[in-house]
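Colleague: Sharing a structure here in structure tokens format.
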């Protein structure tokens, strides 16, 4: 049960940043005793995977903090973040028994549905981010992009670590972040609507 919650929390974190949960799993598995990845997911902790994920994370961190480019990045990440969510859910839940390198075997394995479920979980925060970021940029004249991106990166990192150490706390943190995020975006949208009405008047 806790493994499933770990996977769910990791998938939600991937919806905010595709690379932090994958890199976190790889680093925690390779350099600590906190996590042991299933054999079929051991590729996440090899040198090449960690190096590529590190480079992609740096690019994501920079691009996601620039107004306009962050929205383009979110559109491009519409495939990457859900896919990452599927991977980290399957790996985090330790349910994979078939190597991902064999697609047909993977689809017919017990790892397929956790992968699909992870995709769906990651889509929720990703879609929220995709929809809310333009609203935030408009309401803050672009200043909110770097602030929100930083908060999302920190949240993804914290939830990744908590998902391994304290899965229930990680799940509670994701729910709290979702509630706070929805309230904040609604407040910004209402403030912008009132400002527009005032300008017309």
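Colleague: List every residue pair whose Cβ atoms sit under 8 Å apart, with the two residues 6 or more apart in sequence or on different chains, where the first one lies in region 133-144 and is in contact (Cβ under 8 Å) with a residue 40 or more places away in the chain and at negative phi and the second, anywhere, is assigned to a loop (DSSP other than H, G, I, E, B) and loosely packed, with under 15 Cβ neighbours inside 10 Å.
Modeller: From region 133-144, the pairs are 137/68.
Colleague: Restricting to region 55-70, what's the tally of residues that are in a loop (DSSP other than H, G, I, E, B) and surrounded by fewer than 16 Cβ atoms within 10 Å (Cβ to Cβ)?
Modeller: Here the count works out to 2.
Colleague: Go through region 60-76 and give me each residue that's under 11 Å from residue 18 (Cβ atoms), without any contact (Cβ under 8 Å) to a residue 40 or more places away in the chain and in contact with a helix residue (DSSP H, G or I) (Cβ under 6 Å, 6 or more places away or on another chain).
Modeller: If the condition is that a residue be under 11 Å from residue 18 (Cβ atoms), without any contact (Cβ under 8 Å) to a residue 40 or more places away in the chain and in contact with a helix residue (DSSP H, G or I) (Cβ under 6 Å, 6 or more places away or on another chain), then 73 is the only one that fits.
Colleague: Then there's this: Among the residues of region 6-36, which ones are surrounded by fewer than 24 Cβ atoms within 10 Å (Cβ to Cβ) and part of a loop (DSSP other than H, G, I, E, B)?
Modeller: If the condition is that a residue be surrounded by fewer than 24 Cβ atoms within 10 Å (Cβ to Cβ) and part of a loop (DSSP other than H, G, I, E, B), then 32, 33, 34, 35, 36 are the ones that fit.
Colleague: Could I ask something else about it? Could you identify the single residue in 44, 5 that is touching a helix residue (DSSP H, G or I) at 6+ places or on another chain (Cβ under 7 Å) and within 22 Å of residue 178 (Cβ to Cβ)?
Modeller: The unique qualifying residue is 5.
Colleague: Residue check, residue 182 against (1) assigned to a helix (DSSP H, G or I); (2) out of contact with any helix residue (DSSP H, G or I) (no Cβ under 8 Å at 6 or more places or on another chain), all met but one. Which one?
Modeller: For residue 182, the exception is condition (2).
Colleague: Still on this structure, please answer the following. Checking the structure you have, find out if any residue of region 40-54 is surrounded by fewer than 24 Cβ atoms within 10 Å (Cβ to Cβ) and touching a residue at least 60 places away in the same chain (Cβ under 8 Å).
Modeller: Yes - at least one qualifying residue is present in region 40-54.
Each reported figure results from applying straightforward, stated rules to the coordinates on display, with no laboratory input. Predicted model only: the values in this text are computed from it and were never measured. Because the Cβ atoms are built from the backbone with ideal geometry, glycine has one as well, and the counts that use them run over all protein chains shown.
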